[in-house]
Each structure stands twice: as C-alpha cells, then as structure tokens.
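Below is one structure, written out as structure tokens, with a few remarks after it.
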Amino acid sequence: MVGNNTVNNINTPKSVGPWRSTNKLVKIMNDSFYDLPCPVNLNAWWSFGSMLGLCLIIQLLSGLLLSTHYTAHEDMAFDSVVHIMRNVEKGWMLRNIHANGSSMFFICIYAHIARGLYYGSYLDKTVWYFGVHLFLLTMAEAFLGYTLPWGQMSYWGATVITNMLSVIPVVGESMLRYVWGGWTVCNATLKRFYTLHFLLPFVMVAVVFLHLFFLHEKGSNNPLGIESGTMCVPFHPFYTIKDLFGYVCFSFFFMYLVCVDPELLGNHLNYWPANPMKTPIHVQPEWYFMFAYAILRSIPHKAGGVYVMFLSIVVLYLIPSFHSGKYRSLCFYPFNQVVFWVLVGSFISLTWIGARPVREPYIILGQCLSVIYFSSLLLNPLSLWVWDKLLEYPKFCSSRPVDLKWFKFLAYFKLLKLVNCESSAREWANKCSKM
C-alpha cells in the first residue's frame, strides 16, 4: 500500500499557474502590466501616463516612415516635405500625424506633470528625476524636429534658439560654432539636427524603461498619497478598461487635428521656404514652448532671460526638495490647491502671451505672469508648512470633538502661541479641555 501511494504521488501532475506566469520572458511583461498591483483608487489623471506611451509609439512609427522620403539638405528639405504631402500615398496624413502627434505628446506630458505636482508623486525621487530627464529629452527632440521642414519659421527658430548657447561663459561662442558647423545656421546644421532627431528617440525609449522599472519597483502613488499595499487590484482588467477609454478620447481629438484642422496648432509661416535674407517680424517657437519663450522675452537682459527661462524648466528637479508637508497629496491642503491652480493659470497665460506681439501691454503682462509663476512654486512649500502648523493642537485635546467650539479653541491657542505666550496658551488649553 505504501508503495502504491508513492507511485501515485509521483505520477500526479503538479498544479501549474497560467502560462503568462510560468514562461520566464512573458512573466516579466505580465508582472509589469497584466498582473501589476495598482492602488484601487486611481482616477482618470493616471491615464495620461499610458497615453504618453501611445504617443511615443505613434511618433516612432510615423517618424520612421517619414524618414524614408525626407532629404536632409538645405536645398531639398523643404521640397521633400512638399513631395511627402502631395505625391506620397497618404503622405499628407502621415506628416499630419507626426506634426500633431508632438502637440498631443506635450498635452499629455503637461497633464502628467500637473498630476504629479498635485498628488505628490515627486516624492518618489528616482521616478520623478527620470521623468524630468524624459521631459527635457522630449523638448530637445521637438525642437530638432521643428527645424527639419526648413521653412521660414524653422530656420529662424533654429537661429534664435541656438544663439542662446552664446550666453555660456568662456565656451559659449565655440559651442555655438560647433553646433552650427559654420558661421551661421547652414546645411551642416540641418544634417546634425536630423541625425540627432533620428537617434534621440532610442535614448528616450531606454529612459522610459528605466522610469517604468523604478515606478513598478515601488508601486504607484494614489490620490490620497497613502500606503496602498493592502488596497491593490490587478492592472487588468480594472485599469486596461480605463486606459482604453482614455485612448478613445485621445483618438477623437487627435484625428480632428490630423484630418479636419491640421494647422490649428501650427504656424503658417513654415509654408514659406527658409530665407536667410528675410527675418520674420515675430519669430516664435511651437505652442508648447511658448511659456518659456514668454519668460525669456520678459527679461530685457539676454543672458538673464536665458538663465531664468532655463530655471523655469529645471526647477522641476528641485520640487522634491521643497516639499515640507506631512502629507503627499494636496487633497489635505485647501490653500495649496489654490496655489496649484494659480500656477496652472499662469502657465496657460504665459503660453498665450508668448504668441502675442512684443509690445505693450503684453510685455508687462508677461513680466507679471513670470513673477506669479515662480512665486507660486516658492509659496507652495511655505504654505504646506504653515497649514500643518495651523492644524497642530495639544495632544491632550485630541479627543475633543470637532465643532465650532473646537475651531474657536484652536484659533485662540494658535494666536497665543504666535505671540510667544506659551504659558498662556497652555493655560487656555487646560481650561478648554475641562469644559
């Protein structure tokens, strides 16, 4: 009997999990997406991260196809773009997808960054820093792509933006000549920009994988900013459905831009070939750089304007160090929510100001909005600390019910502590605790 039982136990097949959990290669993807534990209370703002992945894929595929027809030469670049639009089968759609895909990319990026600022996702510092690296790489990639059509705005935009290198002490002029490949923007510049525009996306893909690796290692933040280890659900089907809905909404707006109004976010001057002998009246970048351009032109000093403009972007690296609150999310800080929306309003207003002519009242408005932009970033950590201090009260009164009397007690207690009357504040707290 013992022998028979042993044989039966040996021959009994072992229970195995699903194939996606046993195959070593598929398991990596499964743990990163399909069965990834996610907080149960993620809202729609978290869908912008997956939309960014969709944007990257669209830009990679459309850019690869466009590169087969594009010619990186100052005498043929503009005509090659016209050839793509007119002669290549569905070339107009391909080019519109790539051009407007960059706008959709930045819409999703700015929404993704805003979500991180509001809900305190920046406290996962490694994930946040890789995200900022990606943001800077995307800005560089977009600028390089903007110059490739070699239209009038492309040429002069490249001239203005590359000239910012000249403000770097000692090596600035040498760097500028090296980037240009000559004494001005020329054919060598175009070839270098095209090469970098083709190579940078592969660097971006590598950084994206690092961004996701560190995100999944620790887990996503959530709207409350609290630990969610015991309140998780698998990514599929709960968040795949949400992301698919986000893709549908994304596609409606994207296809409107591609098929109905492809020049809504573009610049008509880029339909003129580049002319080094004729400077446009108003040289301006694409809309997603307008906020930085408005800050740049708000400061009359060239070097000062470039430094402040650069600071308006790299300040994102300093955000985690500025956090002074006890909680991550702004859900618990009403005043900081106002500061956050002031920041968003100043960003949108600066984008609008950047598209206006350089004259009054737009100059003074740009200067005021630049001050508001930086002030809101500095005010946020201060108001976090103040709000936490305002809500502190003696531990021996923690059991007191929260009502109008509680608010009155807290107001008097804080007022007495503010004027350094510690003993009076304690007496007041003792008196109120006996009431």
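When the residues of the stretch 162-193 are filtered to those that are closer than 22 Å to His282 by Cβ and without any contact (Cβ under 8 Å) to a residue 24 or more places away in the chain, the one that is least open to solvent (accessible area, probe 1.4 Å) is Ser166. The set of residues in the stretch 231-269 being polar (S, T, N, Q) and within 30 Å of Val40 (Cα to Cα) consists of Thr240, Ser251. Looking at (1) open to solvent by less than 80 Å² (accessible area, probe 1.4 Å); (2) assigned to a helix (DSSP H, G or I); (3) in the same structural domain as Leu144 (by the TED database), find the lone condition where Val26 falls short. So the condition that Val26 fails would be (3). Listed by first and then second residue, the pairs linking a residue in the stretch 362-383 that is within 16 Å of Ala292 (Cα to Cα) and free of Cβ contacts under 8 Å to residues at least 40 places away in the same chain to a residue that is open to solvent by 70 Å² or more (accessible area, probe 1.4 Å) and not in a helix (DSSP H, G or I), with Cβ atoms under 7 Å apart and 6 or more places separating them unless they lie on different chains, are Tyr362/Arg356. Screening Thr159 against (1) open to solvent by 80 Å² or more (accessible area, probe 1.4 Å); (2) touching a residue at least 24 places away in the same chain (Cβ under 8 Å) leaves a single unmet condition, (1).
So that you can scan it fast, the table gives a plain yes or no per residue for (1) closer than 22 Å to Ile364 by Cβ; (2) of a type outside the set (Phe, Trp, Tyr); (3) touching a strand residue (DSSP E or B) at 6+ places or on another chain (Cβ under 6 Å):
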site: Phe291; (1), (2), (3): yes, no, no
site: Leu296; (1), (2), (3): yes, yes, no
site: Val306; (1), (2), (3): yes, yes, no
site: Phe310; (1), (2), (3): no, no, no
site: Leu316; (1), (2), (3): no, yes, no
site: Lys326; (1), (2), (3): no, yes, no
site: Leu330; (1), (2), (3): no, yes, no
site: Val338; (1), (2), (3): no, yes, no
site: Val342; (1), (2), (3): yes, yes, no
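Scanning the stretch 205-235 for residues that are open to solvent by 70 Å² or more (accessible area, probe 1.4 Å), farther than 27 Å from Glu141 by Cα and not in a loop (DSSP other than H, G, I, E, B) yields a count of 2. Inspect all residues belonging to the stretch 297-306 and state whether any of them is in the same structural domain as Ser121 (by the TED database), hydrophobic (A, V, I, L, M, F, W, C) and either exposed (fewer than 13 other Cβ atoms within 10 Å of the Cβ) or more than 30 Å from Ala99 (Cβ to Cβ) (or both). For the stretch 297-306, residues in the same structural domain as Ser121 (by the TED database), hydrophobic (A, V, I, L, M, F, W, C) and either exposed (fewer than 13 other Cβ atoms within 10 Å of the Cβ) or more than 30 Å from Ala99 (Cβ to Cβ) (or both): absent. Can you find a residue in the stretch 29-37 that is modelled with pLDDT of 80 or more and touching a Gly at 6+ places or on another chain (Cβ under 8 Å)? The answer is yes; a qualifying residue exists. If you go through the stretch 314-348 and keep only what is open to solvent by less than 60 Å² (accessible area, probe 1.4 Å) and assigned to a loop (DSSP other than H, G, I, E, B), you end up with His323, Ser324, Gly325, Arg328, Ser329, Tyr333.
Restricting Phe291, Phe310, Phe252 to those that are under 30 Å from Ser154 (Cβ atoms) and open to solvent by less than 60 Å² (accessible area, probe 1.4 Å) reduces the list to Phe291.
Scanning the stretch 96-122 for residues that are out of contact with any helix residue (DSSP H, G or I) (no Cβ under 6 Å at 6 or more places or on another chain) and not β-branched (Val, Ile, Thr), we see that the one that is nearest to Leu224 (Cα to Cα) is Tyr119. Among the criteria (1) part of a loop (DSSP other than H, G, I, E, B); (2) touching a residue at least 24 places away in the same chain (Cβ under 8 Å); (3) open to solvent by 30 Å² or more (accessible area, probe 1.4 Å), the one Leu42 does not fulfil is (3).
With respect to Ser62, determine if the residue is under 29 Å from Ile241 (Cβ atoms), open to solvent by less than 40 Å² (accessible area, probe 1.4 Å) and touching a Gly at 6+ places or on another chain (Cβ under 8 Å).
Judged against the criteria, Ser62 is a match.
Please name all residue pairs, on different chains or six or more residues apart, with Cβ atoms under 6 Å, provided the first residue is in the stretch 223-237 and is within 11 Å of Cys38 (Cβ to Cβ) and the second residue is of a type in the set (A, V, I, L, M) and open to solvent by 50 Å² or more (accessible area, probe 1.4 Å). Close Cβ pairs satisfying both conditions: Met231/Val40; Val233/Val40.
The values are calculated or read from the model by the stated rules, or taken from the named source; none is laboratory data. What you are looking at is a predicted structure, and each value in this text was computed from that prediction instead of being measured. Every residue, glycine among them, receives a Cβ derived from its backbone with ideal geometry; neighbour counts consider all protein chains shown. All accessible areas refer to the heavy atoms of the entire protein, side chains included, with ligands and DNA or RNA removed. Shrake-Rupley method; radii C 1.70, N 1.55, O 1.52, S 1.80 Å.
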